[in-house]
1. Report relative contact order for the chain in percent, whole number only (criteria: Cα-Cα under 8 Å, sequence separation at least 6).
2. For the chain, just say rounded, prolate or oblate: build the C-alpha gyration tensor, square-root its eigenvalues into a ≥ b ≥ c, call rounded for a/c under 1.5, and beyond that prolate if a/b exceeds b/c, oblate if not.
3. From Cα pairs below 8 angstrom and at least 6 apart in sequence, can you work out the relative contact order of region 1-97, rounded to a whole percent?
4. Please work out the C-alpha center-to-center distance from region 104-141 to region 149-163 and express it in whole Å.
5. So what's the back-of-envelope 222 nm ellipticity for the chain, counting only DSSP H runs of four-plus at -39500 (n - 2.57) apiece and dividing by all residues, rounded to 500?
6. So if each residue of separation counts as 0.36 nm, and I subtract the Cα-Cα distance between Asp53 and Thr31, what length gain in nm does that give?
7. Could you please state how large a percent of the accessible area of the chain is carbon and sulfur, counting protein chains only and using a 1.4 Å probe?
8. May I ask for the distance between the Cα centers of region 207-271 and region 38-66, given as a whole number of Å?
Amino acid sequence: MDRLIAALGSERSLRGWSTALLVANVVIVLTGALVRLTGSGLGCPTWPRCTEDSYVTTPEMGHHGIIEFGNRLLTFVLILIALGTVAAALAHAWADDRRPDGPRGHRVRLLAVGIAIGIPFQGVIGGLTVLSGLNPFVVALHLLLSVALICLSTWLVRIVWRAPRRPVPAPGLWLGRATFVLAWVASWVGTVVTGSGPHAGDADARRTGFDIELVTRLHSGSVWLLVAATVATLVITRSRAALVLLLVELGQGVVGYVQYFTGVPVPLVMVHMLGLCLTMAAATNLMLSLRRPSAVDSDRAPSAAVGIAAG
């Protein structure tokens, strides 16, 4: 038993589980997008059952039922990965009594448990989207909750992998935070665009009723603000995380414009959804990679200068 706990609670195991949790949260977003883009949003017309008489799809429901039910099953896979991450986090604390278990260990366990609790809650919201007949605002909430889980999973991965934090001046710190907020704003406006355009998830699903041209321009404007904030953060902080985010944003922007001018083809929409996940993960990583300079940093600077002069 001790060996099992030691293996489950090893640094390697914890890193593997937390990374798998992040990847799984991205995959569930993509499979959810596939449900919508194939018109399978009501492939299972009720919830929690697939039909009034069955918890699983039936042959009469065709491929739409298979796709929708398959996405529901993936939620249970995600829950299992989350529980594995929680178990690894707990085992990591118990495996070696001599191992320092300070704020880092507490944060890992809290994040793992929080994500594990959030996933079933997210499943309930998914059920409400079906019961609401794919109301576009409920669908948007469903997606944004998944994005929140991706952000939390990114935070967890950073802690588990001991990602360094770069000391930056106050303007750079606030720009990093503003960039994260603007990423959320752009994502939210993007859901409004999705709820106002094609690919509703079902031929009879209602739309927001907003003018698609107007909300598309608002989304484009929010993205350009995000890019500007990222560039400003990069200039001030010289952060590699800011550069990564900027590259993701530029790729996402190209895909967004191309899909708009080509009639929103399904393959490009899928790529755009992946870009959303990568953008939010990168924005989270940027914000968490920056910190205020400390007294230790001030002490190191003169020492480094002396070393350079001596060399």
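1. Relative contact order for the chain comes out at 22 percent.
2. The shape class here is oblate.
3. After rounding, I find 48 percent.
4. One Cα centre to the other: 17 Å.
5. -26500 deg cm²/dmol
6. Using 0.36 nm per residue and subtracting the Cα-Cα distance, I get 5.4 nm.
7. Carbon with sulfur: 71 percent of the solvent-accessible area.
8. So the two Cα centres are separated by 34 Å.
The values are calculated or read from the model by the stated rules, or taken from the named source; none is laboratory data. Note that the structure is a prediction, hence the values are computed from the model and not measured. Every residue, glycine as well, gets a Cβ built from its backbone with ideal geometry; the counts of neighbours run over all protein chains shown. Protein only, heavy atoms only, side chains kept; ligands, DNA and RNA dropped before computing areas. Shrake-Rupley method; radii C 1.70, N 1.55, O 1.52, S 1.80 Å.
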